[in-house]
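Undergrad: Have a look at the structure that comes next, please.
A short reminder: the numbers here are calculations on the coordinates, not readings from a lab. No experiment lies behind these values; they were computed from the predicted model shown. Here the Cβ positions follow ideal geometry from the backbone for every residue, glycine too, while neighbour counts run over all protein chains shown.
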Amino acid sequence: MGVPEKTLITAGEILDCIPQRTPIVMVDTFYGIDERGCARSGLTVTADNLFVADGVLDECGIVEHIAQSAALRAGYMSRTMGQRVLLGYIGAVNDLKVHFLPPVGGRLVTQNVIEQTVMNVTLLSARTECDGKPVAECRMKIYLEE
């Protein structure tokens, strides 16, 4: 997957697309959605991140990054259509595989693909890399509050 070349939304605009606020913002870049519907977002792991311990981002931080990547996708789509950004909740995380914990300074890139949407529930698959190496993958159900 690697780091995409073009950035669509940077850190300063991210807060317009997600409901989370500092200190729990876990995305800093949105690269967009490709023609196959695959959205990509990123995060540089920093030492002051709430989910960093002993110099690495923990599993909870990885899952939160994946969830916020999905929220960023949904928020971007809402803003593009002139709608408000909805609050979302993780309903389930399935088939989570964590290959390694990314270090401080590592650059995460997460891609997510919507598999199915029924009413306010979205099922997606996600894959995260750090500097080109697989970090994690999972399937996630997200409930969007109306």
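Undergrad: Please state the charge dipole magnitude for the chain, taken about the Cα centre, from unit charges on C-beta atoms (+1 on K and R, -1 on D and E), reported in debye and rounded to the nearest 20.
TA: Charge dipole, the chain, about its Cα centre: 280 debye, nearest 20.
Undergrad: For helix 59-80, report the angle its Cα long axis makes with the longest principal axis of the Cα atoms of the chain; keep it between 0 and 90° and round to the nearest 10°.
TA: Orientation of helix 59-80: about 30 degrees from the principal axis.
Undergrad: Then there's this: GNM on the chain, C-alpha springs below 10 Å: top fluctuator among 111, 83, 20?
TA: Per the Cα network of the chain with a 10 Å cutoff, 83 tops the list.
Undergrad: Further question: Just to be sure I understand: if I project the alpha-carbon convex hull of region 70-116 onto a plane and average over all orientations, what area do I get in nm²?
TA: Averaged projected area of region 70-116's Cα convex hull equals 5.0 nm².
Undergrad: For a quick check: sort 30, 100, 51 by the number of other beta carbons within 10 angstrom, fewest at the front.
TA: Ranked by crowding around the Cβ, least crowded first: 100, 51, 30.
Undergrad: Report the longest stretch of the chain that contains none of the trypsin sites (Lys or Arg not before Pro) sitting in a DSSP loop with at most 13 other Cβ atoms within 10 Å.
TA: Result, exposed sites excluded: 85-146.
Undergrad: Can you give me the distance in nm between label points at residue 10 and residue 22, each placed 7 Å from the Cα along the Cα-to-Cβ direction?
TA: Placing both labels 7 Å along Cα→Cβ, they lie 1.6 nm apart.
Undergrad: Give me, ordered by chain and number, the residues 5 or more places off residue 32 or on other chains with an amide H under 5 Å from its own placed amide H.
TA: So residue 32 has HN proximity to 8, 40.
Undergrad: What lysines could a cross-link reach from residue 141, if we take a straight Cα to Cα line under 20 Å and drop same-chain neighbours fewer than 8 places away?
TA: 97
Undergrad: Now for a different question. Only one of the values (1) -0.24, -0.29, -1.58; (2) -0.31, -0.37, -1.41; (3) -0.38, -0.45, -1.30 was calculated from this structure for log10 I(q)/I(0) by the Debye sum over Cα atoms at q = 0.09, 0.10, 0.22 Å⁻¹; name its label.
TA: It is the one labelled (1).
Undergrad: Here is a further query. Along the Cα→Cβ direction, 7 angstrom out, place labels at residue 79 and residue 35. What is the inter-label distance in nm?
TA: Computed distance between label sites residue 79 and residue 35 equals 2.6 nm.
Undergrad: Let me ask something else about it. Please give the calculated 222 nm ellipticity per residue for the chain, where each DSSP H segment of at least 4 residues contributes -39500 (n - 2.57) and the sum is spread over every residue; nearest 500 deg cm²/dmol?
TA: -5500 deg cm²/dmol
Undergrad: Using a Gaussian network model of the chain with C-alpha springs under 10 Å, which one of 76, 89, 31 is most mobile by mean-square fluctuation?
TA: Looking only at 76, 89, 31, the largest GNM fluctuation is found for 89.
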